[in-house]
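Each remark here refers to the structure printed beneath this line.
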Amino acid sequence: MSAPLLETRNLTKAFGQKTGWLAKPKILCASSSIDLQLNARERLGIVGESGSGKSTLGRLILGLTPPTEGEIFFEGVNHKARSLQGWKQFRVRTSLVQQNPLSALNPQMTIGEQISEGLLVHHFASRAASYERAAAMLDQVGLSSAMMSRYPHQMSGGQRQRVVIARALILDPKLVVFDEAVSALDVSVQAQVVALLRDLWQQRDLAYVFITHDLRVVRHVVDRIAVMYLGRVVETGDIKSVYEWPRHPYTRALLASVPSMDPTIRNIQPPINGELDPGKIAGGCPFRPRCPFAIERCGTEAPLLRDVAGQRVACHRAEEFPRSVQMGKEVA
Amino acid sequence: MPRLLTVQDLVVEVPGRNIKILNGVSFSLDAGQTLGLVGESGCGKSMTCYAIGNMLPRGLGQAGGSISFGSGESGSERPTIAMIFQDPTSSLNPVHTIGYYLETALYRHQRLRGNDARLEAMRLLERVGIDNAKSRLGAYPHQFSGGMNQRVMIAHALAAKPQLLIADEPTTALDVTMQAQILYLLEELKAETGMALMIVSHDLGVIARLADKAAVMYCGKIVETAPVEQIIQNPSHPYARALINCMPSIDPADHQPPVPIPGSVPLLDDLPQGCYYNPRCPRAAGECFKRFPPLAPVAQAHNVACYHPVAA
Ligand SMILES: Nc1ncnc2c1ncn2[C@@H]1O[C@H](COP(=O)(O)OP(=O)(O)O)[C@@H](O)[C@H]1O
Ligand SMILES: Nc1ncnc2c1ncn2[C@@H]1O[C@H](COP(=O)(O)OP(=O)(O)O)[C@@H](O)[C@H]1O
Ligand code: SF4
Ligand SMILES: [Mg+2]
Ligand SMILES: [Mg+2]
């Protein structure tokens with residue numbers, strides 16, 4: 001077995017938060033003790049409520065923020081051991097696509113210039129050749145090469161997101177982090193980008209991490225999923241098995257919260273109340289304050305990720321929940 | 001149920017330019033009923049809400065059609081209408097406390113003041129699911145999460161004792177877990193107060209959950225209106241059908257990826273001749289390229305603006 005493309009070991013990021021004048025900074029964990037592995041061409045989804053630490057994990061992976069503790073390996077090389085040259089190579093082999101395509105694009109550069117910029121910066125091609133490759137890339141994301149001379153404000157939101165994806169893929173990266181890349185798009189455009197992503201992945205040697213709070217979309221673009229709560233991965237596994245039989249009460253609550261397309265399912269009590277509150281991390285299970293199934297043990301002993309029928313789940317009661325979650329209906 | 005609201009051929013224009021933001025919108029709403037309004041961004045959902053709430057942005061005017069209330073006879077009184085929006089935190093005034101915000105509304109609508117207003121404000125906060133209401137009255141919007149502020153907006157709306165609540169994308173900015181809580185709250189409040197609800201969402205799941213009847217909009221026009229189960233299970237307009245097919249399924253047994261709609265929504269100043277959907281429509285032919293189809297009945301309470309509707 002060759003080394004995974006990406007591996008994180010015991011990854012932790014803590015942010016100090018000043019609560020008041022002269023107060024001691026309080027430590028908020030944006031992510032803690034995260035162990036992930038991603039092989040070449042693998043597609044991993046990361047879901048959870050906002051504030052659960054998804055973006056922080058994405059930024060850690062790409063070396064855009066240093067971890068407080070733990071290690072990240074990309075192609076077997078530890079981030080900490082990377083030389084300046086090593087970081088340059090890493091930047092070529094990875095890339096990031098974020099939510100807002102308008103702010104990600106430079107309003108004063110043409111689409112052609114922005115897509116080919118990476119090739120020029122890294123001296124991979126002459127100006128003429130890089131322009132040609134950019135046009136070919138545009139074609140691959142389904143835009144006409146007539147768009148090359150346009151400016152971002154002359155395009156629709158969906159077209160801009162395609163441009164951002166084209167720019168992220170021009171150097172043929174091995175790993176891309178998509179952070180809420182389709183969240184702001186209309187469903188019709190979202191479906192276009194989903195289809196595009198599926199196509200591009202088919203044609204390339206590409207692995208990606210797809211970060212989203214949208215449980216509907218993620219299912220159609222990833223192989224595996226990790227569910228985060230307060231900076232921890234609470235469940236991870238094959239996308240198909242997790243959606244068929246979610247084992248963690250939080251995963252179950254997330255899935256049951258998605259409104260069903262069945263108009264007879266109504267007047268349904270929410271599966272969980274309240275919201276994610278980083279101030280409430282105490283001992284025991286971090287999900288306990290909102291968990292409908294908490295027992296005494298949950299207050300004293302933090303559940304560790306463990307194997308449950310092929311999934312990894314951090315819940316003391318993971319074996320007890322029935323197979324199906326009725327979408328839009330209360331859990332269990 | 002008695003008729004609450006009738007909108008007939010409503011037109012809203014940008015004066016000076018020949019742009020119709022709403023281009024002949026017609027629908028009706030009965031007392032206690034819930035109407036769901038869907039469509040892609042820019043199709044005029046918010047503008048429809050503003051027109052009914054009598055709060056069109058400055059510079060835009062109603063250029064045609066009518067909005068009438070009750071039985072429609074002159075003398076029918078305008079019902080009390082309250083509105084909530086997508087982004088509660090920015091629609092709340094940051095310099096006022098939650099208590100001030102609610103108490104001024106209670107004075108305006110119910111002439112409550114002093115201790116009475118304070119008690120009622122606390123009761124409303126508790127009703128919308130905010131604990132420790134007493135201490136929260138002194139809080140400012142920035143101290144609350146988006147979900148909490150949406151609850152405050154709902155409490156504020158309730159202070160008016162509305163006959164119609166207009167909710168424009170009330171859960172779009174929230175997490176699914178908070179969305180489930182707010183949707184349930186709206187369901188409970190509807191049952192308790194008997195108010196009618198107009199809910200705008202681009203998420204058909206939200207519409208399926210709350211609406212009795214639904215209207216699908218495209219480029220300032222309503223292209224289909226029907227009981228919600230008809231729209232979801234048996235949409236007749238090709239656009240309505242396409243919108244439903246591009247919702248990604250969450251059912252583990254259904255592996256079909258979402259089906260994209262080709263092309264994009266045309267700009268309002270560059271609309272195609274004929275049906276505005278014709279460049280994207282697989283059924284477009286003949287008449288579709290000449291005139292915009294009228295909204296016509298295909299079944300009981302089911303109207304469609306299409307020359308080639310999908311058969312039931
Ligand atoms: N630069 C930062 N400084 C302080 N706290 C931060 C910073 N970035 C993120 N956080 C905190 O870390 C937590 C996780 O944030 P984030 O990774 O953005 O979550 P998500 O992407 O899941 O919404 C949040 O509570 C957030 O407030
Ligand atoms: N003040 C304005 N002047 C001109 N056009 C406007 C104005 N406000 C909104 N519009 C246009 O009106 C159309 C409908 O907007 P809106 O009702 O907000 O759409 P929706 O809520 O369905 O996304 C959009 O195309 C928008 O660009
Ligand atoms: S460990 Fe206990 S509190 Fe945590 S999710 Fe499982 S049942 Fe709930
Ligand atoms: Mg984020
Ligand atoms: Mg709107």
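Annotation for the range B:222-291 versus the range B:146-189: alpha-carbon center distance of 29 Å.
Where both bridge residues fall in the range A:163-241, DSSP classifies roughly 55% of the beta bridges as antiparallel. Scan the range A:52-126 for chymotrypsin sites (Phe, Trp or Tyr not before Pro) in coil per DSSP, keeping those whose Cβ has at most 15 other Cβ atoms within 10 Å, and list them by number. Passing sites in the range A:52-126 do not exist. Based on DSSP H segments of at least four residues, each scored -39500 (n - 2.57), chain A has a per-residue ellipticity at 222 nm of -8500 deg cm²/dmol. Among the GluC sites (Glu not before Pro) found in the range A:216-321, those both in a DSSP coil and sparsely packed, with 15 or fewer other Cβ atoms within 10 Å of their Cβ, are A:Glu301.
Determine the total buried accessible area between chain A and chain B, counting protein heavy atoms only with a 1.4 Å probe; round to the nearest 100 Å². All intermediate terms of the calculation are to be shown ahead of the outcome.
Working: alone 16580 and 15020 Å², together 27940 Å².
The buried area between A and B, both sides summed, comes to about 3700 Å².
If you sort the three axes of the alpha carbon gyration tensor as a ≥ b ≥ c, you get a/c of 1.5 or more for chain B and a/b above b/c, which makes it prolate. Residues in the range B:99-247 average 33 Å² of solvent-accessible surface per residue, probe 1.4 Å, ligands and nucleic acids excluded. Put the Cα centre of the range B:75-90 next to the Cα centre of the range A:64-95 and the gap is 52 Å. Name the longest site-free stretch of chain B, where the excluded sites are trypsin sites (Lys or Arg not before Pro) in a DSSP loop with no more than 14 other beta-carbon atoms within 10 Å. Value returned for the longest uninterrupted segment is B:114-289. Lysine pair count for chain B with Cα-Cα distance under 24 Å and sequence separation of 8 or more or different chains is 13. Charging the Cβ of each Asp and Glu at -1 and of each Lys and Arg at +1, and nothing else, the dipole of the range A:121-211 about its Cα centre rounds to 220 debye.
Give me the percent of the accessible area of the range B:89-162 that comes from carbon and sulfur atoms, probe 1.4 Å, all protein chains in place. Provide the component values of the computation, followed by the final result.
Numbers: 1820 of 3700 Å².
Result for the range B:89-162: 49 percent of the exposed heavy-atom area is carbon or sulfur.
Against the main long axis of the alpha-carbon atoms of chain A, helix A:84-93 sits at an angle near 90°.
Build a GNM of chain A with springs between Cα atoms under 10 Å apart, and of A:Leu215, A:Leu206, A:Leu304 the one that fluctuates most is A:Leu304.
How many percent of DSSP beta bridges within chain B run antiparallel, rounded to 5? Before the final figure, lay out each step's value.
Numbers: 27 of 44 bridges.
The answer is about 60 percent antiparallel.
A cut-off of 5 Å between modelled amide H atoms, ignoring neighbours fewer than 5 places along the same chain, links A:Arg232 with A:Ser32. The shape of the protein assembly as shown comes out oblate: with a ≥ b ≥ c from the C-alpha gyration tensor, a/c is at least 1.5 while a/b does not beat b/c. With a 10 Å cut-off between alpha carbons and a GNM built on chain A, which of A:Ile34, A:Ile272, A:Ile46 moves the most? The residue with the greatest mean-square fluctuation here is A:Ile272.
For the range B:188-201, backbone phi angles converted through the Karplus equation (6.51, -1.76, 1.60; θ = phi - 60°) give residue-by-residue couplings of 5, 5, 4, 5, 6, 9, x, 6, 7, 9, 10, 10, 9, 7 Hz, Gly and Pro being listed as x. In the protein assembly as shown, with Lys and Arg counted as +1 and Asp and Glu as -1 at Cβ, which of these residues, B:Pro94, B:Ala226, B:Ala240, has the Cα nearest the positive end of the dipole, that is, farthest along it? It is B:Pro94.
Of the whole protein surface, A:His153 contributes about 130 Å² of accessible area at a 1.4 Å probe radius.
When the inverse distances between all different Cα atoms of chain A are averaged and flipped, the Kirkwood radius reads 21.4 angstrom.
Placing unit charges on the Cβ atoms only, positive for Lys and Arg and negative for Asp and Glu, gives the range B:40-169 a dipole magnitude near 400 debye about its Cα centre.
Could you check what % of the DSSP bridge pairs in the protein assembly as shown are antiparallel, to the nearest 5? Intermediate values should be presented prior to the final figure.
Numbers: 54 of 88 bridges.
Taking every DSSP beta bridge within the protein assembly as shown, about 60 percent pair in antiparallel fashion.
Take each residue in A:217-224, count the other chain C-beta atoms within 10 Å of its C-beta, and the mean is 3.
Could you tell me which of rounded, prolate or oblate describes the range A:183-332, using a ≥ b ≥ c as the square roots of the eigenvalues of the alpha-carbon gyration tensor, with rounded for a/c under 1.5 and, failing that, prolate when a/b is larger than b/c and oblate otherwise?
Details: a/c = 1.91, a/b = 1.45, b/c = 1.32.
In terms of gyration-tensor shape, prolate.
The phi-based Karplus calculation (6.51 cos²θ - 1.76 cosθ + 1.60; θ = phi - 60°) puts the 3J(HN,Hα) values of the range A:238-244 at 4, 4, 5, 5, 5, 6, 6 Hz, whole numbers, x for Gly and Pro. For A:Lys80, give me every one of the aspartates and glutamates with a C-alpha distance below 14 angstrom, ignoring sequence neighbours fewer than eight places off in its own chain. Result set, ordered by chain and number: A:Glu7, A:Glu69, A:Glu71. Rounded to whole numbers, the Karplus 3J(HN,Hα) couplings from phi for the range B:53-59 are x, 6, 9, 4, x, 3, x Hz, using 6.51 cos²θ - 1.76 cosθ + 1.60 with θ = phi - 60°, and x at Gly and Pro.
Amide H to amide H, with H built 1.01 Å from N, A:Cys291 comes under 5 Å of no residue 5 or more places away or on another chain. Think of each Lys and Arg Cβ as +1 and each Asp and Glu Cβ as -1; about the Cα centre, that makes the dipole of the protein assembly as shown roughly 1080 debye. Remark on A:Leu96: its backbone amide H falls under 5 Å from those of A:Val177, a criterion applied only to residues 5 or more positions apart or on other chains, H modelled at 1.01 Å from N.
Computed on the range B:89-162, with alpha-carbon pairs under 8 angstrom and 6+ residues apart, the relative contact order is 45 percent.
Enumerate by residue number the GluC sites (Glu not before Pro) in the range B:59-111 meeting two conditions: DSSP loop (anything except H, G, I, E, B), and at most 11 other Cβ atoms within 10 Å of the site's Cβ. Mind showing how you got there, number by number?
Numbers: sites: B:Glu73, B:Glu77, B:Glu103; in loops: B:Glu73, B:Glu77.
Hits after loop and neighbour filter: B:Glu73, B:Glu77.
The values are calculated or read from the model by the stated rules, or taken from the named source; none is laboratory data. Fair warning: this is a prediction, and the values are worked out from it, not measured in the lab. Here the Cβ is made from the backbone with ideal geometry for all residues, glycine too, and neighbour counts use every protein chain on show. What goes into the accessible areas is simple: the full protein's heavy atoms, side chains included, and nothing from ligands, DNA or RNA. Shrake-Rupley method; radii C 1.70, N 1.55, O 1.52, S 1.80 Å.
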